[in-house]
Ligand SMILES: Nc1nc2c(ncn2[C@@H]2O[C@H](COP(=O)(O)OP(=O)(O)O)[C@@H](O)[C@H]2O)c(=O)[nH]1
Ligand SMILES: [Mg+2]
């Protein structure tokens, strides 16, 4: 039996329902979420230390219940960040411990307030019961997540809840009637990704400093970030680089700030050069206080494991710099820009979401002949959930209806390629 954490008794400090107002009084400057997080960290460290130091044999029924995220290390940050965030959200609302399975070099890039590495404890759980909330793209417990109780006796009969996905797949939880009170108390603005990632996905100081130093030398009174993603399967569609430039010019109209920086991040050197040239050309007649800036990454190198362009550290610096911008222009179908938008320090308050550039049919005759919207403004900075399209298509009517109670359901559903 573990003193701080056992199966039958939720820990009062962690359990949001009991997060005492008394505690809040002692920490008036902290949000409820910050109090919850600090409590979680303390308990996690204590319980895991007890688990690992205990000499007694562990009976699998008395082990603390856990959520274990299995991120795919072959994907990019646009896929890894969302599912890590989801796993932590599930662990908070169910009062379970949180672990990540298979992210060996996490601490090379991120600060760690508690050790969430599954490896040291996994052996103890070898005989434990388990259930997948998400098991790859096609298998998701969406009805349960959208309108069920994740702490019901049935779910609780599984000691481990596995979370394996490439998506921001936990979004339907924000529609779930069982958790309205929790969100209202803990994340009242419903910026779930921004709130959780600001704790769980904090850059290590040396990387954060690199981004901040670049910003302090290159950013201006007003900054617009542009993310150009060219190397994705786009079903014979393209986004002309001129569309990015026109979108930038449109957003700049009426901006009153004295100095403006356009920060460019791209997945290829060529794409970045084309965009920078085009921006210079477009903006030359406008306002000579506008400067175009970028980190001079070599995007033609490939990550040997993920085959993504560039390297992981530079990706994080580009993403952080995008997140610091006042407005964003991003590429449809690329999670990198959407996640940058959500990965925002609270002090950057973009009231609306990013502007999203849509692909058009590749016509060699006239690339700019467009018969549909090619740029739109997202209503939120939360990342997209491409699986919401399959939720809407495949789940039962009650689940779909409940999911649509979330006023952002359309935002989540229109931001990515159908799967
Ligand atoms: N440094 C840098 N890396 C990028 C950029 N765009 C894409 N990448 C790399 O390519 C990966 C793409 O994967 P992901 O983040 O999932 O975005 P998606 O594939 O566009 O949906 C990123 O995680 C980065 O490693 C960029 O603008 N700058
Ligand atoms: Mg991706």
With respect to residue 144, determine if the residue is crowded, with 18+ Cβ neighbours inside 10 Å, over 19 Å from the mean Cα position of the chain (by Cα) and more than 28 Å from residue 314 (Cα to Cα).
yes
Provide a single number: the residues in the range 124-151 that are closer than 18 Å to residue 92 by Cβ, in contact (Cβ under 8 Å) with a residue 40 or more places away in the chain and in a loop (DSSP other than H, G, I, E, B).
2
Among the residues of the range 303-313 satisfying the criterion of being away from ligand 2 (no atom under 15 Å from the Cβ) and out of contact with any helix residue (DSSP H, G or I) (no Cβ under 9 Å at 6 or more places or on another chain), which is nearest to residue 252 (Cα to Cα)?
311
Provide a single number: the residues in the range 93-124 that are out of contact with any strand residue (DSSP E or B) (no Cβ under 6 Å at 6 or more places or on another chain) and on the phi < 0 side of the Ramachandran plot.
22
Residue 395 fails exactly one of the following numbered conditions: (1) at pLDDT below 90; (2) not assigned by TED's automatic domain parsing to the domain that holds residue 222. What is the number of that condition?
(1)
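What number of residues within the range 220-240 satisfy the criterion of being over 19 Å from residue 76 (Cβ atoms) and surrounded by 21 or more Cβ atoms within 10 Å (Cβ to Cβ)?
Qualifying residue count for the region: 2.
So is residue 85 within 16 Å of ligand 2 (Cβ to nearest atom) and either part of a loop (DSSP other than H, G, I, E, B) or not assigned by TED's automatic domain parsing to the domain that holds residue 106 (or both) or not?
no
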Residues within the range 271-297 that are assigned to a loop (DSSP other than H, G, I, E, B) and either in contact with a strand residue (DSSP E or B) (Cβ under 9 Å, 6 or more places away or on another chain) or modelled with pLDDT of 95 or more (or both), tallied:
6
Mind listing whichever residues of the range 249-270 are out of contact with any strand residue (DSSP E or B) (no Cβ under 6 Å at 6 or more places or on another chain) and closer than 21 Å to residue 232 by Cβ?
268, 269, 270
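Among the residues in the range 184-191, are any crowded, with 20+ Cβ neighbours inside 10 Å, touching a helix residue (DSSP H, G or I) at 6+ places or on another chain (Cβ under 9 Å) and either without any contact (Cβ under 8 Å) to a residue 40 or more places away in the chain or over 18 Å from residue 65 (Cα atoms) (or both)?
For the range 184-191, residues crowded, with 20+ Cβ neighbours inside 10 Å, touching a helix residue (DSSP H, G or I) at 6+ places or on another chain (Cβ under 9 Å) and either without any contact (Cβ under 8 Å) to a residue 40 or more places away in the chain or over 18 Å from residue 65 (Cα atoms) (or both): present.
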Quick check on the range 192-200. Is at least one of its residues away from ligand 1 (no atom under 14 Å from the Cβ), under 21 Å from the mean Cα position of the chain (by Cα) and under 25 Å from residue 372 (Cα atoms)?
no
Hey, any hits in the range 298-311 for a residue that's within 7 Å of ligand 1 (Cβ to nearest atom), part of a loop (DSSP other than H, G, I, E, B) and free of Cβ contacts under 8 Å to residues at least 24 places away in the same chain?
yes
On the basis of being in contact with a helix residue (DSSP H, G or I) (Cβ under 8 Å, 6 or more places away or on another chain), more than 9 Å from ligand 1 (Cβ to nearest atom), in contact (Cβ under 8 Å) with a residue 24 or more places away in the chain and in a strand (DSSP E or B), does residue 321 make the cut?
no
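The values are calculated or read from the model by the stated rules, or taken from the named source; none is laboratory data. Treat the numbers as computed from the prediction; the structure is a model and nothing was measured. Quick reminder, even Gly has a Cβ in these numbers, built from the backbone with ideal geometry, and neighbours come from all protein chains shown.
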